[in-house]
1. Once you've got the GNM for the chain with C-alpha springs shorter than 10 Å, pick whichever of L93, L214, L140 has the biggest mean-square fluctuation.
2. 7 Å from Cα along Cα→Cβ at both I226 and Q122: what's the point-to-point distance in nm?
3. Taking all pairs of distinct Cα atoms, average 1/r, flip it, and tell me the Kirkwood hydrodynamic radius of the chain in Å to one decimal place.
4. Suppose we flag trypsin sites (Lys or Arg not before Pro) only when DSSP calls them loop and at most 10 other Cβ atoms lie within 10 Å. Which is the longest uninterrupted stretch of the chain?
5. Tell me, in nm to one decimal, what length is gained between R86 and I202 on full extension, where the rule is 0.36 nm per residue of separation less the Cα-Cα distance?
6. Helix 198-209 versus the longest principal axis of the chain: what angle, 0 to 90°, nearest 10, using Cα atoms?
7. Mind checking the angle between helix 29-43 and the chain's longest principal axis? C-alpha axes, 0 to 90 degrees, to the nearest 10.
8. Roughly how far apart, in whole Å, are the Cα centres of the range 52-81 and the range 103-120?
Amino acid sequence: MELTPLRVFVTVANERSFSRAAEKLGRTQPAVSLALQRLESELGEKLFDRSARDVVLTDAGRTVLEFARRFQNLESELTNAILELRDHSAGTLAIGANESTGLYLLKYIEKYRRLYPRIKVQVRRGFSSRIPGEIADGNLELGVISYQPRDERLEATVIYTDALVFVVSPKHRLAGRRDVPISELGDEIFIAHNVLSPYREIVLRSFHDRGVKLNMDVEMTKVENIS
């Protein structure tokens, strides 16, 4: 259903006159009458009691008027929403991150919300390995990951610099050592992060390249639990 006949119908109902409605719409009275006839034909109901001296709505006309006004309100809301999107004052910013990288987002979200308070920020939990593809496919506006994406369609900006470190208990035999070569770690038991990621691949490759066995007898889902 087109909205134009509904606008004509609402105007006639509000003005209670075909001639005044035509004048307000900048159309001829026959054009207004034709638009209403087409609307009635489409709905299969008479909207006006044409036997009455004044413009009187039928029961069907009163029902249609109620919904037509809702359509007008929705149309107005849609127009306002589009205008707000154009000046970046409304909408949703979808960000992909996992539990660890999401922690580094907080101060940036705070700054962004001060600049654009009406934009909803939605942080979606996801695997780091999948986030670049989600951005390229248009499912996310941006993502936070712990490695440089190889996708040429994406641009990356460093917001935090981190490093892989070897962590042991203060009572461990290697505690207090400033540097420990990988060759000395073949008999150690590691608590590993069981999510596939570039960091995990770096560790696996480093041990493999040096011919040192990596004993990952305990694996956990969160880096925070490991540390």
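1. L214
2. Taking the two extended label points, one gets 3.1 nm.
3. Values: mean 1/r = 0.0415 Å⁻¹.
After inverting the pairwise mean of 1/r, the radius is 24.1 Å.
4. Values: sites that count: R50, R53, R118, R150, R153, K171, R173, R178, K213.
With trypsin sites (Lys or Arg not before Pro) excluded where exposed in loops, the chain gives 54-117 as its longest stretch.
5. Working: separation 116, 0.36 × 116 = 41.76 nm, distance 4.32 nm.
Length difference between fully extended and current span is 37.4 nm.
6. Relative to the chain, helix 198-209 is tipped by roughly 30 degrees.
7. Its long axis makes an angle of about 60 degrees.
8. 40
Every number here is computed from the coordinates shown, using simple stated rules; none is lab data. It should be emphasised that the depicted structure is a prediction, and the values quoted were computed from it without experimental measurement. Note that each Cβ is placed from the backbone with ideal geometry, even for glycine, and that neighbours are counted across all protein chains shown.
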